[in-house]
Amino acid sequence: MSSRVIQRVVMPLSPDADILPLYVEGDLGAPPQDTRTTAEKDAGKELLDGAPAVQLSSALVIDRRAFDVEPRTRASFGTYFNAFPASYWRKWTLVSTVDLNVTVTGSGQVAVYRSNARGAIYRVDDQPFDRADRHTLTFTLPLDSFADGGWYWFDIVADAQGARLDEAHWAADDQDRARGTVTVGITTLNRADDVTALLGQLGSDPALLEILDRVTVVDQGNQHPDDVPGFEAAKAALDGRLRMIRQANLGGSGGFSRGMSETLDEGVSTYHLISDDDLRTEPEGILRAVAFADLARRPTIAGGHMFSMFDRPFLHSMGERIDSWRFWWGSVIDQAEGHHLNRDSLRGTQILHRRIDVDFNGWWMELIPVSVIREVGLSLPLFIKWDDAEYGLRARKHGVPTVTLPGVAAWHVPWTDKDDSIDWQAYYHLRNRMVAALLHSPHKNGGRLIKESFYHQVRHLLTSQYSVSELRSQALEDLLSGPNHMHAELDTRLGQIRQTRANYSDARVEKDPDAFPAPGGDSPFTHVERTPNPRVRDLTSAIKFATSAGRGVLRQFQRVHPGAQDRPQAHIPADNAGWATLIRFDSAVVSMRDGSGMAWYKRQPAEFRAQLKRAISLHRRLQRQWPTLVKQYRDALPHLVGQAAWKDTFIRTGSTELAAGTGEAHAQ
C-alpha cells in the first residue's frame, strides 16, 4: 500500500489577524502536562518547557504553508484547522496509524501532543532540529486509543537563532483505495458578488484543482454572477471547470437537486459537494473531506462545521441532531451553542476534545458520495428548510452515516440574529417539519409534534402575528392534501405566500424609523422591559405558564383600547418581544431581530377567534389522519426524490445553461 496526504497544515488564504488563531496558537498559557521521564528531561529537552508563546501576527505567515517562529518562542499548531482529529479517523475510517511529517529550517524542537476525550493533554514525542536548510522530521502515531475523542498536534519551539515551519502534513496508507474526485454544486439567488468570491477561492488552490472535476452554479435569480467584476478572473482560474445553469427559483432544494442531477448525468465525479452561495470556504477542508470519504469504512457523508461570517473566529455549529420526540433540530452540544476560538483555544476547551456524532449536517457544506445519491435520491422538493435534515435521516436508513469533520468548515451568515419563523419562511418551517416527521418519526402520531405545533399556533395568535398563523394553517392544509402538491407547487407557492402576507399589518416591515406614529399620548409605556416567557419545568412553572397564556386568551374577548389601531401603545425592541411581553399590548411596533426594520402588531379579537377555530380543526384532522398520511408520504418518497420527477420539474419550470467559454445560452 502507498501513502497519501490526508491533511495539510495550512495558513489563512489571505492575511487576516481575526482568524489566524484558527491556524496557529500563540498565547499558550501554562505549558501542557509533561509526561517525560526525569532522564529525558536531563538529556537536554527542557527547551520545550516555559518558552514564551509567539506573539501572533499575520507578518509571521510566510505563505499558505509556511510560518516563522521567532527566536526563543513557541508556536502551537494544536488549532482548529491544523490539529488532527484522531478520534474521527479512528471511528469512521480504515486508518490505524498516521505519519506526521514536519519540514523545518533553523534550530529548535518539534514536540507532538495528544489529548483524550476528557481534554487531558500529554506529550507523546519530540525531536530536535538544527539545520540551515530544510529538514523533515517524521513521527508515526497510532490511532488505537482514541475511542471517544482526542486530537494529535505539534508545537515548534525555536532557540536563539529562530526557526521556520516550511510545510507539514499528516499522511496515511491509502488502503489500496482509489482517489476520488469531486463536483462542487452551488445554489444561488441574487448573491452574485458572494458567488464570484467563492469561485475565486475554489480556483486558488492547485491541490484542490487536481481533484476538482466541475463547479456547477445553479443560478435562480435575476442578478447573475457572470455580470459582476471579478467573475471572468474567477472563471479563468477554474480552467474550464465552471458550468453556469439558470433556472426558475425552486428554492435551495431545487437548486441543490439540480446540481446533484447534473453530477449524476455527467458520471465523472466520485463525490458531489453541496455548497451554499453566501459563504467563504477553506479549500483545504474540501481536500480533507474527500480524503476522509475515500478511506471511510463504508460510504459516508462528510460535512463541515460553520463559522460565523460576521465574527470569524466564532465556531457557530459543531454538529446537528434531531430530537425525535419533538422532531426538532438543535446543536449536539448540550451547552450554549458556539465557541470563540480566539478567546478559548481548541487545546484548552474540554468539550471540543470529545468526538461528536451527528444526525445530519447543514447544507452550507456537505460532501455526498455519488453512489449514495444514486441509491438514496435527490433532495425532497421542500423549497427551503429541513431538506438537509431529512436527507441525513434518509441516508442513515440506507446505512450511510453523516460525519461532521473538524477541520472541514466554511464561514456563513449565522441564524442567531434573525427569526425566520415569523416571516414568509414560517410556511416552510412547519410544512417541511411535518413532512420529515411523517417520513422518519419513530413515535406514534409524531410524538409531541402535533401538540407543539398547536401551542406555537396559539402563541403567534396571542402576539397578534396573524400572518404567521395564516401561513401555518395553509401549510397544514397543503400537508393534509397529500404529497402530490410538493413538486406541482414548488415554483408557485412562494408567490402565493407573499400575496397572503400582504394582507396583514404584522408582515409589513418598514425600514424608516419614522414610518410609524409615536406611541399614543395616553400610553403609560416609554420603555418596555422584557417579561420572561414562562417555561414549563415543574408544576409551579406549569401553573405560571397556563395562567399567563390564559390571561392572553381572555384578552381576546375584551375590547381593544381606543386609538390603538391608529397609534401604537409602545415600541418594543426585538430582544424584549417575547410572547409574554407582547400579550400585554393591543398595539405595538416591534423591531425585527435582524435589524432590518419594524412591523406594527395590532390585536384583532375577531381575527384571533376565527384563526384559533381553524387551527383547532386542522390539528384535530392531522391527529386523526396521521397514520394514513404516513403511508401516503412514505409510499411517495421514491418518486418525490427520484431524478425523473425532478427532471420533469426542471423542464416544466424552464431553465437554460450558460455554455462555459462561449457565453451562449441554450435550452435544457
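The residues of the stretch 85-103 that are over 21 Å from the mean Cα position of the chain (by Cα) and not in a helix (DSSP H, G or I), listed by number, are THR93, LEU94, VAL95, SER96, THR97, VAL98, ASP99, LEU100, ASN101, VAL102, THR103.
One line per residue, one yes/no per condition, for (1) of a type outside the set (Lys, Arg); (2) in contact with a Cys (Cβ under 7 Å, 6 or more places away or on another chain); (3) free of Cβ contacts under 8 Å to residues at least 40 places away in the same chain:
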residue: GLY446; (1), (2), (3): yes, no, no
residue: ARG501; (1), (2), (3): no, no, no
residue: TYR504; (1), (2), (3): yes, no, yes
residue: PRO517; (1), (2), (3): yes, no, no
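Which ones in the stretch 424-437 are crowded, with 22+ Cβ neighbours inside 10 Å and not small (Gly, Ala, Ser)? Residues satisfying the conditions are TYR427, TYR428, LEU430, ARG431, ASN432, ARG433, MET434, VAL435.
Given the structure, is ILE368 of a type in the set (Val, Ile, Thr) and at pLDDT below 95? When the stated conditions are applied, ILE368 does not pass them.
With respect to VAL157, is the statement that it is in contact (Cβ under 8 Å) with a residue 40 or more places away in the chain, among the β-branched types (Val, Ile, Thr) and part of a strand (DSSP E or B) true? Even if it seems obvious, please write down each step before you answer.
Working: in contact (Cβ under 8 Å) with a residue 40 or more places away in the chain: yes; among the β-branched types (Val, Ile, Thr): yes; part of a strand (DSSP E or B): yes.
For VAL157, the condition - in contact (Cβ under 8 Å) with a residue 40 or more places away in the chain, among the β-branched types (Val, Ile, Thr) and part of a strand (DSSP E or B) - is met.
Residue-level check: of (1) closer than 27 Å to THR187 by Cβ; (2) among the polar types (S, T, N, Q); (3) surrounded by fewer than 18 Cβ atoms within 10 Å (Cβ to Cβ), THR402 misses just (3).
Of the residues in the stretch 444-453, not one is surrounded by fewer than 23 Cβ atoms within 10 Å (Cβ to Cβ) and touching a Gly at 6+ places or on another chain (Cβ under 8 Å). Only one entry in LEU264, LEU315, LEU242 is touching a Lys or Arg at 6+ places or on another chain (Cβ under 9 Å) and farther than 20 Å from GLY392 by Cα, namely LEU242.
Any chance the stretch 321-333 includes a residue that's hydroxyl-bearing (Ser, Thr, Tyr), surrounded by fewer than 18 Cβ atoms within 10 Å (Cβ to Cβ) and not assigned by TED's automatic domain parsing to the domain that holds GLY407? Scanning the stretch 321-333 turns up at least one residue that is hydroxyl-bearing (Ser, Thr, Tyr), surrounded by fewer than 18 Cβ atoms within 10 Å (Cβ to Cβ) and not assigned by TED's automatic domain parsing to the domain that holds GLY407.
Screening the stretch 444-502 for helices (runs of 4 or more DSSP H) wholly inside it with 3 or more residues that are out of contact with any Lys or Arg (no Cβ under 9 Å at 6 or more places or on another chain), among the β-branched types (Val, Ile, Thr) and farther than 20 Å from HIS639 by Cα returns no ranges.
Considering the stretch 405-443, the residues that are in a helix (DSSP H, G or I) and of a type in the set (Ser, Thr, Tyr) include one that is nearest to the chain's Cα centre (by Cα), namely TYR428. Among the criteria (1) in the same structural domain as GLN457 (by TED's automatic domain parsing); (2) without any contact (Cβ under 8 Å) to a residue 12 or more places away in the chain, the one SER591 does not fulfil is (2). Looking only at residues of the stretch 583-621 that are in a loop (DSSP other than H, G, I, E, B) and among the aliphatic types (A, V, I, L, M), we find that the one that is nearest to the chain's Cα centre (by Cα) is MET592.
Please determine, by comparing only the residues of the stretch 59-83 that are polar (S, T, N, Q) and part of a loop (DSSP other than H, G, I, E, B), which one is farthest from SER317 (Cα to Cα). Step through it out loud before you land on a result.
First, the residues of the stretch 59-83 that are polar (S, T, N, Q): 73, 76, 79, 82.
Retained after the next criterion (residues that are part of a loop (DSSP other than H, G, I, E, B)): 73, 79, 82.
Details: THR73: 33, THR79: 17, ASN82: 18 Å.
Filtering the stretch 59-83 for residues that are polar (S, T, N, Q) and part of a loop (DSSP other than H, G, I, E, B), the one farthest from SER317 (Cα to Cα) comes out as THR73.
All of (1) of a type in the set (Gly, Ala, Ser); (2) within 26 Å of PHE84 (Cα to Cα); (3) under 29 Å from the mean Cα position of the chain (by Cα) hold for ALA163 with one exception: (3). Checked against (1) touching a residue at least 60 places away in the same chain (Cβ under 8 Å); (2) of a type outside the set (A, V, I, L, M, F, W, C); (3) outside the structural domain of TYR80 (by TED's automatic domain parsing), ASP148 passes all but condition (3).
Could you say whether any residue in the stretch 125-133 is modelled with pLDDT of 95 or more and of a type in the set (Lys, Arg)? Looking through the stretch 125-133, none of the residues is modelled with pLDDT of 95 or more and of a type in the set (Lys, Arg).
Residue pairs whose Cβ atoms lie under 6 Å apart, separated by 6 or more positions or on different chains, with the first residue in the stretch 547-569 and in contact (Cβ under 8 Å) with a residue 60 or more places away in the chain and the second surrounded by 15 or more Cβ atoms within 10 Å (Cβ to Cβ) and of a type in the set (A, V, I, L, M), are GLY552/LEU462; GLY552/ILE583.
In the stretch 370-404, which residue that is of a type in the set (Phe, Trp, Tyr) and part of a loop (DSSP other than H, G, I, E, B) is nearest to PHE292 (Cα to Cα)? Give the steps one after another, and end with the answer.
Let us first name the residues in the stretch 370-404 that are of a type in the set (Phe, Trp, Tyr), namely 383, 386, 391.
Checking which are part of a loop (DSSP other than H, G, I, E, B) leaves us with 383, 386.
Working: PHE383: 30, TRP386: 26 Å.
Of everything passing the filter in the stretch 370-404, TRP386 is nearest to PHE292 (Cα to Cα).
Look at (1) assigned to a strand (DSSP E or B); (2) touching a residue at least 60 places away in the same chain (Cβ under 8 Å); (3) of a type in the set (A, V, I, L, M, F, W, C) and you find that LEU198 fails only one, number (1). Among the criteria (1) touching a Phe, Trp or Tyr at 6+ places or on another chain (Cβ under 7 Å); (2) of a type in the set (S, T, N, Q); (3) within 30 Å of TRP600 (Cβ to Cβ), the one ASN445 does not fulfil is (3).
The values are calculated or read from the model by the stated rules, or taken from the named source; none is laboratory data. From a predicted model like this one, the values you see are computed outputs, not experimental measurements. Virtual Cβ from ideal backbone geometry, glycine too; neighbours counted across all protein chains shown.
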